[in-house]
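To start, the structure under review is shown below, and the notes come after it.
The values are calculated or read from the model by the stated rules, or taken from the named source; none is laboratory data. In this text the structure is predicted, and so the values were computed from the model without any measurement. Because the Cβ atoms are built from the backbone with ideal geometry, glycine has one as well, and the counts that use them run over all protein chains shown.
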Amino acid sequence: MGKIIVMVGAPGAGKGTQARLLAEHFGYPQISTGEILREMAQADTSLGREIRELQAAGRLVSDDTLAEVILSRTSQPDCADGYILDGFPRTLKQAAMLEDLARKQGKEVVLVRVVVSDEALMKRVTGRRNCPCCKEIYNIYFKPPKNDNVCDNHPEAQLEHRADDNPETVRARLATYDEKTRPLIDYYRKDGLLQTVDGRGDAESIYKEIVRIITAQ
């Protein structure tokens, strides 16, 4: 049976990095709702403008919009054997949507939550910089590039700092995440489906622990 690996964690918890490593390990596509929505937000459409406004305010898009995005993406051939979700589900309604989708696709859902303190999350997010070429992620506090604001692998590329990675927006995102996602975490914990990993260690150690959890399912 194919697996749907769900990475759960607050913004900046490192679930995106772990999802990328897991994608390489298992050969599953990584589906980041955040990246998909940011691409949609760049379009000059009513939906694109709506998404931009929500992101600027640190709020989440509607369940129905996310459901359409997930259904469309996971129906593609590369998801036949399994896939990794980064950023979905975030609410109880979305969890119900995922359970229905898993049944229809004949897949097993495995949930892994990466836990990090709010103080560390703030530094992780506001200090985050991305390479536009290879998508390598740096952080001015924890993982700075060798040369200021330049990718180690692509010296011609200036690192990008997302506009919504500012303290005010991050605080709003963390508050929204806690409000909307806590019932989801409690729901999965009661069902015994949620596996928790300490996100304070180095990425490699966290990755190995997550692989152990997934392969044990």
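What are the residue pairs meeting all of these: first residue in the stretch 68-93, first residue over 23 Å from Thr181 (Cβ atoms), second residue surrounded by fewer than 22 Cβ atoms within 10 Å (Cβ to Cβ) and among the small types (Gly, Ala, Ser), Cβ atoms under 6 Å, and 6 or more apart or on different chains?
Short answer, once both residue conditions are applied: Asp81/Gly2; Gly82/Gly2.
Suppose we filter Ala96, Ala157, Ala203, Ala175 for residues that are small (Gly, Ala, Ser) and closer than 20 Å to Ile4 by Cβ; which single one remains?
Within the list Ala96, Ala157, Ala203, Ala175, the selection yields Ala96.
Is it true that Gly87 is touching a strand residue (DSSP E or B) at 6+ places or on another chain (Cβ under 8 Å) and farther than 18 Å from Ser32 by Cβ?
So Gly87 fails the test.
Only one of Glu156, Glu108, Glu119 is in contact with a Gly (Cβ under 8 Å, 6 or more places away or on another chain) and among the acidic types (Asp, Glu); which?
Of Glu156, Glu108, Glu119, the one residue that is in contact with a Gly (Cβ under 8 Å, 6 or more places away or on another chain) and among the acidic types (Asp, Glu) is Glu108.
If only one of Arg128, Arg200 is at negative phi and surrounded by 15 or more Cβ atoms within 10 Å (Cβ to Cβ), which one is it? Full working, then the answer.
On the way: Arg200 fails: surrounded by 15 or more Cβ atoms within 10 Å (Cβ to Cβ).
Residue meeting the stated conditions: Arg128.
Residues of the stretch 61-110 being in a helix (DSSP H, G or I) and among the aliphatic types (A, V, I, L, M), which ones?
Within the stretch 61-110, Leu66, Ala67, Val69, Ile70, Leu71, Leu92, Ala95, Ala96, Met97, Leu98, Leu101, Ala102 meet the criteria.
I'm told Glu99 meets every condition in (1) in contact with a strand residue (DSSP E or B) (Cβ under 8 Å, 6 or more places away or on another chain); (2) surrounded by 16 or more Cβ atoms within 10 Å (Cβ to Cβ); (3) under 19 Å from Ile185 (Cα atoms) except one. Can you identify the failing condition by its number?
The failed condition is (2).
Mind counting the residues in the stretch 21-67 that are over 30 Å from Gly106 (Cα atoms), without any contact (Cβ under 8 Å) to a residue 24 or more places away in the chain and of a type outside the set (Gly, Ala, Ser)?
Initial filter on the stretch 21-67 (over 30 Å from Gly106 (Cα atoms)): 41-59.
Those still in the list that are without any contact (Cβ under 8 Å) to a residue 24 or more places away in the chain too: 41-54.
Filter again for of a type outside the set (Gly, Ala, Ser), leaving 42, 44-45, 47, 49-54.
Here the count works out to 10.
Considering only the stretch 46-62, state which residues are under 19 Å from Ala175 (Cβ atoms) and not hydroxyl-bearing (Ser, Thr, Tyr). Show your work before the answer.
Narrowing the stretch 46-62 to residues under 19 Å from Ala175 (Cβ atoms): 53-62.
Glu53, Leu54, Gln55, Ala56, Ala57, Gly58, Arg59, Leu60, Val61, listed by residue number.
Going by the conditions given, is Arg113 of a type outside the set (Phe, Trp, Tyr), touching a Ser or Thr at 6+ places or on another chain (Cβ under 6 Å) and either surrounded by fewer than 14 Cβ atoms within 10 Å (Cβ to Cβ) or at pLDDT 90 or above (or both)?
Yes: the conditions hold for Arg113.
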